[in-house]
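The values are calculated or read from the model by the stated rules, or taken from the named source; none is laboratory data. Note that this is a predicted model, so its numbers are computed, not measured. Neighbour counts are summed over all protein chains in view; Cβ atoms, including those assigned to glycine, are modelled from backbone coordinates with ideal geometry.
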There are 4 protein chains.
Amino acid sequence: MYTYTYRHRVRYRECDPMSYVYHTHYVDYFEVTRTEALREMGLAYKTLEENGIIMPVIDLAVRYKRPAHYDDLLAITASFTEAPRTRVPIDYEVRRDGEETLLATGHVTLCFFNVARGRPIPAPDAVRRIFERVLR
Amino acid sequence: MYTYTYRHRVRYRECDPMSYVYHTHYVDYFEVTRTEALREMGLAYKTLEENGIIMPVIDLAVRYKRPAHYDDLLAITASFTEAPRTRVPIDYEVRRDGEETLLATGHVTLCFFNVARGRPIPAPDAVRRIFERVLR
Amino acid sequence: MYTYTYRHRVRYRECDPMSYVYHTHYVDYFEVTRTEALREMGLAYKTLEENGIIMPVIDLAVRYKRPAHYDDLLAITASFTEAPRTRVPIDYEVRRDGEETLLATGHVTLCFFNVARGRPIPAPDAVRRIFERVLR
Amino acid sequence: MYTYTYRHRVRYRECDPMSYVYHTHYVDYFEVTRTEALREMGLAYKTLEENGIIMPVIDLAVRYKRPAHYDDLLAITASFTEAPRTRVPIDYEVRRDGEETLLATGHVTLCFFNVARGRPIPAPDAVRRIFERVLR
């Protein structure tokens, strides 16, 4: 398993009238975390895109357990468990930094998509090799 | 079943470099649609909140099937199948207005939460009656 | 002067811990209002873009006078005072629908930009004619 | 003058169909930058708010000069030039990190507002002293 943790300070614009982080922002937190996780692996999403391949989200799930508040420092963890064939499943956990209590969990599945051909493709070999290396 | 459809024109700020609606905005579309669905039923979320009761999202799932584009007029349908005891499950479908093809489906579960007591509560009687009336 | 009013229901996600509309969302309200104003004039921004011309924002100003709240129905008015040569200046006023009191005022300047050539261009004749017709 | 620079990686959700950062996000960048600037000075906005004082934005201006792109690392600089009496004027500059070229400039004015009394107040002494110390 490859695990990456991104830290995010909750911003005022992300908090609702209850002073809780509004639920849609967790989905944005997930995106930042996987982008940085892939960069850390050695896979820049921007480079992939410049080669005509995008990785759209095909499904998404979140379970909200406890609220996060303004100015909290969150630790968002993304876990990758397998070298992708056609899809990249990612599991998420959100906590306050340094605390055990789960605030939310999530799951996102990405696929690989060739923009010019307009269709899903298997994981490019270069991408598979990167995953195999970090998952070893 | 009680079904409500909200129409939304896709905005430039919602579209990503592929000219697709960025995936997190569907979660916002779901919120607008259920707020207007509840208002149509006779249940203003604002009134509920003024009475110390909020309805937080406890889980959320989306399946993305086909992209939506800039300036598309979307029809987002929310379906309510049962009078709530403690939770309100809602199913969503997203299409281009007037078309059959599904762009995305989703599911959201809300609960009822008493702010002063800081804990989940059963559906208030007034809310249950509203649902029973529209689901008949 | 050509004036167009767009009505917008304030959403929960737009409100901050003070229950006020967070200030950045007014800038989004301005965008929706001018897009719909241009459409009403007979100018679809999407068509312009398909012809390789975009209208980027080159400056922006907002004065916040009084807060807007969750579930308020806002009336956002965009005023166009001249047929554009190279720039489109737009003035905005934000009120609660049916009320006189100003909540905010704003100003946005757009220009015309040829994407292929990578440079600003004068207003296309077709666009100028549309403005001249509605400003008459 | 007190100057603070915040670095921000441009996210996919912030980019529009032209692959440019959509203009409203600069206003969010300004907020993050001043929050971290105030924290660095020794002034946590959260503490102020817990004491019943908020600092709403009363006006805002942005000039957009050149586009920022996906995955750019931006350096957003906030400059404070005076110890506040009733208002906090802040000047902004946005560049790619390590580059001289200005992408955007901005100005934001904050005031101090007593929530319980519902009215603007002069800068609290503690806040004034913090500014006087860092501006020396």
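Just a few scattered comments:
- Within segment B:44-89, being at pLDDT 95 or above, facing chain A (nearest Cβ under 8 Å) and part of a strand (DSSP E or B) holds for B:57, B:58, B:59, B:60, B:61, B:62, B:63, B:64.
- Residue match in segment A:105-124 (condition: of a type in the set (Val, Ile, Thr) and modelled with pLDDT under 95): yes
- Residues that are part of a strand (DSSP E or B) and touching a residue at least 60 places away in the same chain (Cβ under 8 Å), drawn from segment A:7-23: A:7, A:8, A:9
- Residue within segment A:21-30 that is in contact with a Pro (Cβ under 7 Å, 6 or more places away or on another chain), hydroxyl-bearing (Ser, Thr, Tyr) and closer than 13 Å to residue A:70 by Cβ present: no
- Residue C:13 falls short of the stated requirement of being under 26 Å from residue A:15 (Cβ atoms), surrounded by fewer than 18 Cβ atoms within 10 Å (Cβ to Cβ) and of a type in the set (Lys, Arg).
- In segment B:100-136, the residue that is farthest from residue B:7 (Cα to Cα) out of those that are without any contact (Cβ under 8 Å) to a residue 12 or more places away in the chain and of a type outside the set (Lys, Arg) is B:118.
Yes/no matrix, rows are residues, columns are (1) of a type outside the set (Val, Ile, Thr); (2) buried (at least 16 other Cβ atoms within 10 Å of the Cβ); (3) within 13 Å of another protein chain (Cβ to nearest Cβ):
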residue	(1), (2), (3)
C:29	yes, yes, yes
C:32	no, yes, yes
C:103	yes, yes, yes
C:118	yes, no, yes
C:123	yes, yes, no
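Condition check ((1) within 13 Å of the chain's Cα centre (by Cα); (2) hydrophobic (A, V, I, L, M, F, W, C); (3) surrounded by fewer than 20 Cβ atoms within 10 Å (Cβ to Cβ)) across all residues:
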{"site": "D:25", "(1), (2), (3)": "yes, no, no"}
{"site": "D:52", "(1), (2), (3)": "no, no, yes"}
{"site": "D:66", "(1), (2), (3)": "no, no, yes"}
{"site": "D:89", "(1), (2), (3)": "yes, no, yes"}
{"site": "D:107", "(1), (2), (3)": "yes, no, yes"}
{"site": "D:114", "(1), (2), (3)": "no, no, yes"}
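- Considering segment C:91-110, the residues that are assigned to a strand (DSSP E or B) and among the charged types (D, E, K, R) include one that is farthest from residue C:27 (Cα to Cα), namely C:96.
For (1) hydroxyl-bearing (Ser, Thr, Tyr); (2) out of contact with any strand residue (DSSP E or B) (no Cβ under 9 Å at 6 or more places or on another chain); (3) farther than 25 Å from residue D:112 by Cα, each residue gets a yes or a no:
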residue: C:42; (1), (2), (3): no, yes, yes
residue: C:60; (1), (2), (3): no, no, no
residue: C:66; (1), (2), (3): no, no, no
residue: C:94; (1), (2), (3): no, no, no
residue: C:109; (1), (2), (3): yes, no, yes
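- Check on residue B:26, part of a strand (DSSP E or B) and either in contact with a strand residue (DSSP E or B) (Cβ under 7 Å, 6 or more places away or on another chain) or polar (S, T, N, Q) (or both): no
- Test: residue D:58 is farther than 27 Å from residue B:70 by Cα and in contact with a His (Cβ under 7 Å, 6 or more places away or on another chain): no
- Residue that is farthest from the chain's Cα centre (by Cα) [pool: residues in segment C:1-23 that are over 25 Å from residue B:26 (Cβ atoms) and more than 14 Å from chain A (Cβ to nearest Cβ)]: C:1
- Which numbered condition residue C:82 fails, given (1) surrounded by fewer than 14 Cβ atoms within 10 Å (Cβ to Cβ); (2) under 30 Å from residue A:16 (Cα atoms): (2)
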